[in-house]
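Chemist: Sharing a structure, written as structure tokens. Questions coming.
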């Protein structure tokens with residue numbers, strides 16, 4: 001049994017709706033990437049250097065990232081030789097296997113949040129303006145509340161006009177209190193107030209918004225460092241997660257943003273928004289491989305429950321589902337005849 005068939009059997013036998021969300025949310029990337037792979041496989045009778053060169057171009061075109069593509073192609077060549085694979089159809093199955101391996105590495109569940117059982121968990125959100133940071137915080141607040149946790153929001157983006165009000169809208173929508181100060185006030189002071197409030201109200205989770213832009217990069221990073229220091233002083237070991245929010249539709253620009261913020265803060269994970277809106281969803285692999293930061297959540301739609309914990313197997317299944325299902329349909333039709 002091929003790798004994808006095992007993957008499909010594993011994922012589709014579960015009652016989890018997340019697999020279907022990945023499948024529908026990755027339609028644009030699948031139509032772009034998977035269709036090109038299908039066309040490549042159909043045109044070649046044998047696996048040669050030209051086949052791998054075209055595959056390389058397809059992967060780079062999907063924003064998988066140059067370094068990641070080079071490693072993936074090398075591993076594919078090695079596996080094709082080791083397994084003595086002759087049929088290009090079989091290479092597609094090996095690609096799915098290697099994609100899961102590249103993402104997971106040695107960690108079977110790299111996307112799990114570092115939650116503090118029985119204690120306050122502080123999650124700091126960073127990222128530039130316009131990537132969906134506040135919306136992400138609102139959606140995560142909803143999910144935590146649905147899980148029965150007491151949640152508070154800290155309005156630490158005191159610089160952008162309307163940022164506090166935007167977070168308050170999410171607070172009202174989800175029934176979660178927002179700790180705030182006046183626009184233009186010190187974000188570190190907001191965090192101090194929020195932690196005191198979270199402790200006194202015995203909250204389980206504190207979600208902290210931060211500014212996405214100041215006068216220049218140096219000022220922004222200094223502000224973030226100050227915010228982190230205050231949090232750590234009040235709760236040793238916190239923040240327990242620093243999540244950078246990135247817009248998947250910006251492609252390689254998202255990589256640059258991730259590198260910048262990683263230099264200033266100990267980014268522990270990535271929330272990749274608008275993955276459903278791009279034909280270049282390969283950026284997930286590039287981020288994981290080249291920055292060594294796990295993607296912990298992905299946005300697969302506009303609804304409040306469309307922010308999903310990232311799962312490498314569901315992601316790869318979503319990318320290739322239609323291609324393998326078409327192949328299975330063709331095989332079953334041949335058997336019927």
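Chemist: In nm², what is the average projected area of the convex hull enclosing the Cα atoms of segment 217-275?
Modeler: Working: hull surface 16.5 nm².
Dividing the Cα hull surface by four gives the mean projection, 4.1 nm².
Chemist: Let me ask something else. Please report, in Å, the Rg and the Dmax of segment 189-255, where both are computed over Cα atoms only.
Modeler: 14.1, 43
Chemist: Cα convex hull of segment 60-202: how many Å³ per residue? Working shown, then result.
Modeler: Numbers: hull volume 24.6 nm³, N = 143.
With only Cα atoms used, segment 60-202 gives 172 Å³ per residue.
Chemist: Hey, any idea what Rg/Rh is for the chain, computing Rh the Kirkwood way over Cα pairs?
Modeler: 1.03
Chemist: How high is the relative contact order of the chain, in percent, counting Cα pairs under 8 Å that sit 6 or more residues apart?
Modeler: Working: 568 pairs, mean separation 89.3, N = 337.
27 percent.
Chemist: What distance in nm separates the two pseudo spin-label positions at residue 182 and residue 52, each 7 Å out from Cα along the beta-carbon direction?
Modeler: Modelled inter-label distance: 6.6 nm.
Chemist: Order of 240, 78 from fewest to most other C-beta atoms within 10 Å?
Modeler: Working: 240 20, 78 12.
Sorted ascending by nearby Cβ count, the order is 78, 240.
Chemist: With everything on Cα atoms, drop me the angle between helix 187-200 and the longest principal axis of the chain, reported from 0 to 90° to the nearest 10.
Modeler: Tilt relative to the chain: about 90 degrees.
Chemist: In angstroms, what radius of gyration and Dmax does segment 148-201 have, counting Cα atoms only?
Modeler: Spelled out, the Cα radius of gyration and Dmax of segment 148-201 are 10.9, 34 Å.
Chemist: Sticking with this structure for a sec: Is any residue of segment 266-301 close enough, with backbone N under 18 Å, to a label point placed 7 angstrom from the Cα of residue 147 along the Cα-Cβ axis, and if so, which?
Modeler: 268-272, 294-300
Chemist: Which whole-number percentage describes the relative contact order of segment 1-126, with Cα contacts under 8 Å and a sequence gap of 6 or more? Don't skip to the answer; put the middle values down first.
Modeler: Details: 58 pairs, mean separation 33.8, N = 126.
In percent, rounded to a whole number, it is 27.
Chemist: For segment 72-105 and segment 133-177, compute the distance between their C-alpha centroids and round to whole Å.
Modeler: Each part's Cα centre sits 43 Å from the other's.
Chemist: Counting only DSSP beta bridges with both residues in the chain, tell me the antiparallel percent, nearest 5. List each step's numbers first, then the result.
Modeler: Numbers: 3 of 26 bridges.
Within the chain, antiparallel bridges account for around 10 percent of the total.
Chemist: Within segment 205-235, find all residues whose amide N lies under 19 Å from a label point positioned 7 Å from the Cα of residue 259 along Cα-to-beta-carbon.
Modeler: 217-218, 221
Chemist: Sort 30, 45 by Cβ crowding within 10 Å, fewest neighbours at the top.
Modeler: Ordered by Cβ neighbours within 10 Å, fewest first: 45, 30.
Chemist: Still on this model: Show me, bin by bin at 5 Å from 0, the whole-percent P(r) of segment 121-314 based on Cα pairs.
Modeler: 1, 8, 18, 22, 22, 16, 10, 3, 0, 0
Chemist: Fully extended, how many nm does the chain gain between residue 77 and residue 43 (0.36 nm per residue separation, minus their Cα-Cα distance)?
Modeler: Net length gain for the segment: 10.4 nm.
Chemist: I've got another one for you. Let me check against my output: what whole-number percent is the relative contact order of segment 121-314, with C-alpha pairs under 8 Å and at least 6 apart?
Modeler: On the way: 372 pairs, mean separation 46.0, N = 194.
Reported as a whole number, the value is 24 percent.
The numbers here are math on the coordinates, done by the rules we state, and not lab data. Being a predicted model, the structure only gives us computed values, none of them experimental. Here the Cβ is made from the backbone with ideal geometry for all residues, glycine too, and neighbour counts use every protein chain on show.
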